[in-house]
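Every read-out reported here was derived from the displayed coordinates using simple, explicitly stated rules and does not represent laboratory data. Nothing here was measured: the structure is a model prediction, and the numbers come from that model. No Cβ is skipped: glycine too gets one built from the backbone with ideal geometry, and neighbour counts run over all protein chains shown.
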Amino acid sequence: MGSSQSCCGGSGKVEEVAKIGGDGESPWRLFTFKELHAATNGFDEEFKLGEGGFGSVYWGKTPDGLQIAVKKLKSMTSKAEMEFAIEVEVLGRVRHKNLLGLRGYCVGNEQRMIVYDYMPNLSLLSHLHGQFARDVRLDWKKRINVAIRSAEGIMYLHHEVNPHIIHRDIKASNVLLDSNFEPLVADFGFAKLIPDGVSHMTTRVKGTLGYLAPEYAMWGKVSEKCDVYSFGILLLEIITGRKPLEKLPNGTKRTITEWAEPFILKGKFKDLVDQKLQGKFDENQFKQVINVAALCVQTEPEKRPTMKEVVELLKGSEKKDSFKHMRLESVKYKEHLMSLDKGSEEDNDDDNTYADESSAYGVFGALHVQKMQEPYSFQGTKQVGTIT
Ligand SMILES: Nc1ncnc2c1ncn2[C@@H]1O[C@H](COP(=O)(O)OP(=O)(O)OP(=O)(O)O)[C@@H](O)[C@H]1O
Ligand SMILES: [Mg+2]
């Protein structure tokens, strides 16, 4: 495929981009604006699937009957262009059944759009907290499958693609579900390509509060372990049906780990599981997932498992000994950081995404690096023992 420079570097270069790419299984191609305009009925509001940091996403249908999702860039800022370039570049590199690959893209003088296959069951978010939450289409078995398969997708990014890819925005709205509820991890616009031999990089913080690993939120230190942390939060969300950050009636906000901790300490698993499942779940699997999540959300990144280990643990093929000394640690965000979380403030289904261009540390705005520790206070590292 064309490089990020050739597809986004300027209007004159458009013709230089290869017209088709990918392999036989998942070919992608260039779409014209006219084609996508027609497919989405002129980007009809009625066809809008949702809106994120990048722009709006529209449902569409091509003349040959293919259902597509068209992500339309909100504005032509350099930052947005950069994200577009990264997304297209990264998508062109990945091929995995649990990652949402590229169907195509469109570059015009004033537009940038990415085309994906339409996922009929939308996102995990819509099933856990959105329009499908009450129907409970996502039963226990499907939830476990979503957890394992999406972990496999992330494992592929971390361990199999070269250079390795850190997603940096693992969350429920970025896990899409096909007609069989098979998960496909989406949105690599925030991805970071890690050259061989580099263990971590320091970068501007992007992502979603509630899923952010502490070392990443505080110092912008990004490694595969940031995705592992976010995935741990996602695991808790999948089995409990709670949001990563919840607004309490008294106006304060609570993280999912803060909420879960006391139940785990008392071994009250039935109170932890999503009540919408009406008791239809496998208790052993539940404990297993809680254990894995607890390993993933440890404050120290070095202690967290790799995604490869996460997959093995979730599949139950790893020895039970791995759970010895398991702790559930929880991060408590302080007031002024919480106040930045407009997502839970508005009580909508979208999480709030932080990508502040003005600061090297987006989540903290203009705070000095020396003050970085202040916004967080860790609630100790409570030993909760091994759950067996
Ligand atoms: N291929 C797709 N098929 C079906 N629905 C999709 C597809 N891609 C995106 N959507 C829907 O559009 C919504 C908006 O997606 P988008 O990725 O722009 O925002 P987001 O995931 O909420 O936030 P972010 O910008 O941080 O990724 C998603 O929540 C999802 O429901
Ligand atoms: Mg998304």
Over the Cα atoms of the stretch 12-117, what Rg and Dmax result, in angstrom?
13.1, 35
Most positive-pole-ward Cα, LEU91, MET113, SER78, against dipole of the stretch 74-146 from beta carbon charges:
LEU91
Distance in Å, no decimals, from the C-alpha centre of the stretch 23-75 to the one of the stretch 232-302 is 36 Å
Quick one: which residues, 5+ away or cross-chain, put their amide H under 5 Å from the amide H of LEU49? H built at 1.01 Å from N.
VAL57, TYR58, TRP59
For the residues TRP28, TRP59, what sequence is obtained by ranking on other C-beta atoms within 10 Å, fewest first?
TRP59, TRP28
Where does the charge balance sit around HIS159 when Lys and Arg score +1, Asp and Glu -1, over other residues with C-beta under 9 Å from its C-beta?
-1
To the nearest 20 debye, the stretch 12-117 has a Cα-centred charge dipole, built from +1 on Lys and Arg Cβ and -1 on Asp and Glu Cβ, of 140 debye
Looking at TRP28, LEU66, SER56, which one has the Cα that reaches farthest to the positive end of the dipole of the stretch 12-117 (charges on Cβ: Lys, Arg +1; Asp, Glu -1)?
TRP28
Quick one: which of 214-227, 267-280, 169-182 comes out on top by average Cβ neighbours within 10 Å, and what's the full order, highest first?
214-227, 169-182, 267-280
Could you sort the peptides 298-308, 237-247 by per-residue average Cβ neighbour count (10 Å cutoff), highest mean leading?
237-247, 298-308
Cα-Cα over 22 Å: which of LYS266/LYS315; LYS280/LYS303; LYS253/LYS280; LYS48/LYS171; LYS141/LYS243?
LYS266/LYS315; LYS280/LYS303; LYS253/LYS280
Going by how many other beta carbons lie within 10 Å of each one, how would you line up PHE281, PHE132, fewest first?
PHE132, PHE281
